Amino acid sequence: MNGATLLPAVGVAAGLAVALGAALGWLASRLRADPDSLVERIDALLPQTQCGQCRYPGCRPYAEAIARGEAGTDRCPPGGEATARALATLLGREPRPVDPRYGTTSPPRVALIDEARCIGCALCLPACPVDAIVGAPRFMHTVIASQCTGCELCLPPCPVDCIALVPAGEPARSRDASTAAA
Amino acid sequence: MNARPALRGGLRVDSHKARPLEQPIATLPPPAFAVLALDQGSGEPAQAIVTPGTPVRVGTPIAIGRGAAADLHSPVSGTVSAVESRPTVAGTGPCVVVANDGGNERDSGLAPLDWITLDPAVLVERLASGGLAGLGGAAFPTAGKLALARAAGVEWLLVNGAECEPWICCDDALMRERAAEVVLGTRVLRAACGAARATIALEDDKPEARAVLASALAASGDDRIELVVLPAVYPLGAEGLLIAAVTGREVPRGALPPEVGVLCQNVGTAAGVARLVTEGLPLLSRVVTVTGGGVRRPMNLEARIGTPVADLVAACGGYDELRPPVRLVAGGSLTGRALASDAVAVTKGLNCVLVATAADLPGRGAEMPCIRCGDCATTCPIGLLPQQLHRAAMADDAAALERFGLADCIECGCCDYVCPSGIPLTARFHAARERQQLHEAGRRRAAEAKQRYERHRRRLDEQVEAERRAFEEARRRARGDGAGGA
């Protein structure tokens with residue numbers, strides 16, 4: 001066997017390697033998983049309380065951190081086990097329960113302002129991430145229960161501690177009962 | 001009729017309708033206190049327009065319906081004594097309680113209708129203010145259904161006299177005794193919805209009702225109404241299945257019957273419409289079957305809406321001490337719901353009170369694992385695969401539940417009935433549905449919260465930006481002034 005008969009075979013193999021390599025490289029750059037759409041899909045599974053218990057400033061930043069592979073799927077106490085499982089399924093990771101270091105899952109709660117004690121300082125208004133508190137300086141504030149996500153972010157700014165978290169769905173009913181009795 | 005079977009699957013169950021049908025419908029005296037649940041069975045409460053102390057007469061409106069709730073009228077004359085939460089057929093809910101003064105005085109605003117000359121749109125409005133609702137059990141406002149049907153241009157009105165549950169026979173009794181009212185109501189409903197033809201459907205185990213209805217139809221001289229007799233198979237009385245059996249049209253998933261050109265109404269509703277037209281009376285009473293081994297004299301009673309179930313049982317001779325009842329069921333033994341007590345009151349949707357002894361309810365041993373025999377799939381009238389649905393429900397697998405058609409399940413209970421392992425399939429499907437609804441609601445809330453959060457962020461950013469610009473503007477001006485001064 002001499003070099004002349006070997007040469008075309010080597011040439012063809014080398015040519016194929018170069019062509020396929022180029023095609024794969026082009027496809028890889030072309031069909032890369034869109035990081036934005038992954039963030040969107042993760043974000044869609046989060047409860048959007050914007051509470052920051054995951055140590056990120058909101059649900060979207062947490063979704064971005066998960067997409068970057070920087071945060072685990074176990075940091076969302078408001079979402080609870082269902083969210084943790086859905087996130088793990090979406091990402092193909094091993095499902096893990098919510099890490100108690102980030103908080104515990106409780107039944108849905110909403111903020112309730114004790115209107116007798118509210119001094120109308122308006123400090124809680126910008127703190128509410130979903131604009132669920134109605135009020136103005138020197139006027140009493142109140143929480144729109146149906147919009148409140150129970151994130152607790154209005155608690156620290158209140159100077160008179162007049163905001164409490166109550167189980168969702170109950171305050172309106174108990175108030176109705178008290179006025180009916182009065 | 002064509003050769004196509006009326007129903008795929010289904011059950012032929014032993015009927016227990018003979019005893020209540022031995023006697024005519026008895027009219028119960030009005031109760032001392034009428035307890036009117038604002039949710040009459042459709043799952044949505046009406047809005048009360050009376051307060052304690054309001055004087056009312058028979059037929060005075062006491063609550064206005066919205067959406068899936070019909071208007072509600074006082075069935076007695078007297079005063080409203082309370083508007084409060086009480087045990088109801090559906091659990092616990094707001095009720096209007098009217099203390100009966102025994103006067104039985106009618107509200108002055110009630111007058112018969114000249115339905116033949118009345119514009120159909122006005123007729124529908126009058127039916128709405130008459131509080132007519134589906135008496136088959138769903139209690140959906142009749143006027144709402146009619147308005148939908150008119151908008152969709154239905155051509156076929158189906159009046160449902162198929163009563164497939166093994167214990168319920170209130171519609172049978174009604175058709176036997178008030179066939180003329182049923183026929184008149186059918187004519188009015190046909191005129192109101194604009195359909196070209198109407199069919200009254202009932203099963204072949206009701207020959208008496210069929211004969212009486214046929215002669216009433218002949219007497220009315222209305223040749224656009226026909227009578228169709230179907231085999232007595234459970235659950236053929238379910239709206240979608242009856243429509244498929246009579247018209248051959250299948251109502252698609254998530255759609256309503258008007259979308260296939262059909263409107264379905266119950267025979268009891270038709271009789272109620274007839275009363276409204278001839279006497280001007282809104283829907284104040286309904287026929288309820290009180291039956292079961294635990295009651296002395298099972299019978300059909302015409303009771304005012306708001307009559308406590310205890311009064312109904314007392315009118316039937318009371319509870320039988322020799323055969324103590326184990327459960328009170330609203331509705332039949334297959335799809336009924338247990339009642340908390342006999343203090344709950346009759347609603348528009350309550351067709352039967354089953355005072356069940358242990359022997360009356362389908363027995364169910366301890367639950368065993370699914371052996372995948374497929375009996376449930378054979379009997380499912382919708383053609384679902386309950387065994388697959390059950391696996392998905394146990395795993396809480398939303399995608400699989402969707403794929404196997406949980407949304408199409410009518411919760412008829414056929415699969416439960418035939419399951420040799422005694423698995424409470426229907427209850428599991430119902431629970432899975434509730435979980436899904438909860439999940440959906442959470443999703444919606446989250447989407448809304450996200451939108452609000454984004455707006456909040458944008459507003460805060462704009463504020464910061466505006467402050468920065470104002471600051472720079474001020475600085476520039478201060479510098480400019482300084483330059484001018486120098």
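Values quoted throughout were computed directly from the atomic coordinates according to the rules given, and no laboratory measurement underlies them. Everything numeric in this text was worked out from a predicted model, so none of it was measured. Note: ideal-geometry Cβ built from the backbone for every residue, glycine included; neighbour counts use all protein chains shown.
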TODO: Hand me the GluC sites (Glu not before Pro) from the range B:381-486 located in a DSSP loop with no more than 14 other Cβ atoms within 10 Å, in residue order please.
DONE: none
Open item on the list: Could you tell me what a quarter of the Cα convex hull surface of the range B:297-452 works out to, in nm² with one decimal place?
Closed with: 12.7 nm²
Task: Neighbourhood net charge (12 Å Cβ-Cβ; Lys/Arg +1, Asp/Glu -1) for residue B:177 - done: -3
- [ ] Just the isolated ones, please: cysteines in chain A lacking another cysteine beta carbon under 4.7 angstrom.
- [x] A:54, A:59, A:76, A:118, A:121, A:128, A:148, A:158, A:162
TODO: Mind jotting down the three principal axis lengths of chain A based on Cα atoms? Whole angstrom, largest first.
DONE: 109, 32, 27
Task: Footprinting exposure proxy for B:156, B:167, A:26 (fewest neighbouring C-beta atoms within 10 Å first) - done: A:26, B:156, B:167
- [ ] Take residue B:478, project a point 7 Å from its Cα along the Cβ direction, then tell me which residues of the range B:438-469 have their backbone nitrogen under 17 Å from it.
- [x] B:467-469
- [ ] Taking the Cβ of each residue in A:29, B:129 as the centre, tally the other Cβ atoms inside 10 Å and list the residues starting with the fewest.
- [x] A:29, B:129
- [ ] Within the set of other residues whose C-beta is less than 9 Å from the C-beta of residue A:43, count the net charge using Lys and Arg as +1 and Asp and Glu as -1.
- [x] +1
Open item on the list: Residue by residue through A:127-135, how many Cβ atoms from other chains fall within 10 Å of the Cβ on average?
Closed with: 3
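Assigning unit charges at the beta carbon (Lys, Arg +1; Asp, Glu -1) and nothing else, what dipole magnitude in debye, to the nearest 20, does the protein assembly as shown show about its Cα centre?
Working: 69 positive and 72 negative charges, 321 e Å.
About 1540 debye.
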Task: Karplus 3J(HN,Hα) series, Hz, for the range B:265-282 with 6.51 cos²θ - 1.76 cosθ + 1.60 (x for Gly, Pro) - done: 9, 7, 4, x, 4, 4, 5, x, 4, 4, 5, 5, 6, 7, 10, x, 7, x
Open item on the list: Assuming 0.36 nm per residue, please report the length gained on full extension of the stretch residue B:85 to residue B:470 beyond their Cα-Cα distance.
Closed with: 132.9 nm
TODO: Compute the separation of the alpha-carbon centres of the range A:42-73 and the range B:174-215 and state it in Å as a whole number.
DONE: 61 Å
Open item on the list: Quick one: the Cα spread of the protein assembly as shown along its three principal axes, in angstroms, biggest first?
Closed with: 101, 96, 56
Task: Average beta-carbon neighbours from other chains, 10 Å sphere, peptide A:142-149 - done: 2
Task: Inter-site label distance for residue B:215 and residue B:250 at 7 Å from Cα along Cβ, in nm - done: 4.2 nm
TODO: Of the options B:164, B:182, B:147, report the single residue whose Cα projects farthest towards the positive end of the charge dipole of the range B:119-205 (beta-carbon charges: Lys, Arg +1; Asp, Glu -1).
DONE: B:147
Task: Total charge dipole magnitude, the range B:113-168, about the Cα centre, Cβ charges on Lys, Arg, Asp, Glu only, Debye to nearest 20 - done: 140 debye
TODO: For the protein assembly as shown, build the charge dipole from Cβ charges (+1 Lys, Arg; -1 Asp, Glu) around the Cα centre, then report which of B:354, B:368, B:199 sits farthest towards its positive end.
DONE: B:368
Open item on the list: Can you give me the orientation-averaged projected area of the convex hull built on the Cα atoms of the range B:384-486, in nm²?
Closed with: 9.1 nm²
Open item on the list: Below 19 Å, Cα to Cα, which lysines can residue B:348 reach? Residues fewer than 8 away in the same chain don't count.
Closed with: B:145
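Over the range B:356-432, what per residue volume does the convex hull of the Cα atoms give, in whole Å³?
92 Å³
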Task: In sequence order, calculated HN-Hα J values of the range B:105-122 (Karplus, 6.51, -1.76, 1.60; Hz; x Gly/Pro) - done: 7, 8, 5, 6, x, 9, 9, x, 10, 8, 5, 6, 8, 5, 5, x, 4, 5
TODO: Would you please give the residues with an amide H less than 5 Å from that of residue B:62, counting only those at least 5 places away or on a separate chain, with H modeled from the backbone geometry?
DONE: B:72, B:73, B:74
Open item on the list: From Cα pairs below 8 angstrom and at least 6 apart in sequence, can you work out the relative contact order of the range B:202-246, rounded to a whole percent?
Closed with: 48 percent
Open item on the list: Using the basic label-point model (7 angstrom from Cα toward the beta carbon), what is the residue A:19 to residue B:23 distance in nanometres?
Closed with: 9.5 nm
Open item on the list: List the aspartates and glutamates whose Cα sits under 17 Å from the Cα of residue B:206, skipping any in the same chain fewer than 8 residues away.
Closed with: B:14, B:22, B:163, B:165, B:171, B:172, B:177, B:226
- [ ] Using only alpha carbons, build the gyration tensor for the range A:45-86 and give me the equivalent ellipsoid semi-axes, biggest first, whole Å.
- [x] 14, 12, 8
Task: Positive-end extreme of charge dipole, the range B:384-486 - chosen from B:453, B:426, B:400 (charges on Cβ) - done: B:453
Task: Counting DSSP beta bridges with both ends in the protein assembly as shown, the antiparallel % (nearest 5) - done: 65 percent
Open item on the list: Need the C-alpha centroid separation for the range A:104-124 versus the range B:38-83, integer Å.
Closed with: 36 Å
- [ ] Pop out the Kirkwood hydrodynamic radius of chain B from its pairwise C-alpha distances, inverse of mean 1/r, in Å to one decimal.
- [x] 24.6 Å
TODO: Please give the helix A:35-45 orientation as an angle from the longest Cα principal axis of chain A, in degrees from 0 to 90, rounded to the nearest 10.
DONE: 40 degrees
- [ ] Diagonalise the Cα gyration tensor of the range B:44-115 and give the resulting equivalent ellipsoid semi-axes, square root of 5 times each eigenvalue, largest first, whole Å.
- [x] 21, 17, 10
Task: Value of relative contact order over chain B, rounded to a whole percent, pairs C-alpha under 8 Å and six or more apart - done: 17 percent
Task: Helix-only [θ]222 nm of chain B, DSSP H runs n ≥ 4, -39500 (n - 2.57) each, per residue, nearest 500 - done: -11500 deg cm²/dmol
TODO: Please work out the Cα center distance from the range B:246-282 to the range B:378-415, rounded to the nearest Å.
DONE: 28 Å
Open item on the list: Suppose we look only past 17 Å in the calculated P(r) of the range B:158-213. What percent of the Cα-Cα pairs does that tail hold?
Closed with: 35 percent
Open item on the list: Can you compute the modelled spin-label distance between residue B:51 and residue B:117, with each label point 7 Å from Cα toward Cβ, in nm?
Closed with: 4.3 nm
Open item on the list: I need B:269, B:79 ordered by Cβ neighbour count within 10 Å, fewest first.
Closed with: B:79, B:269
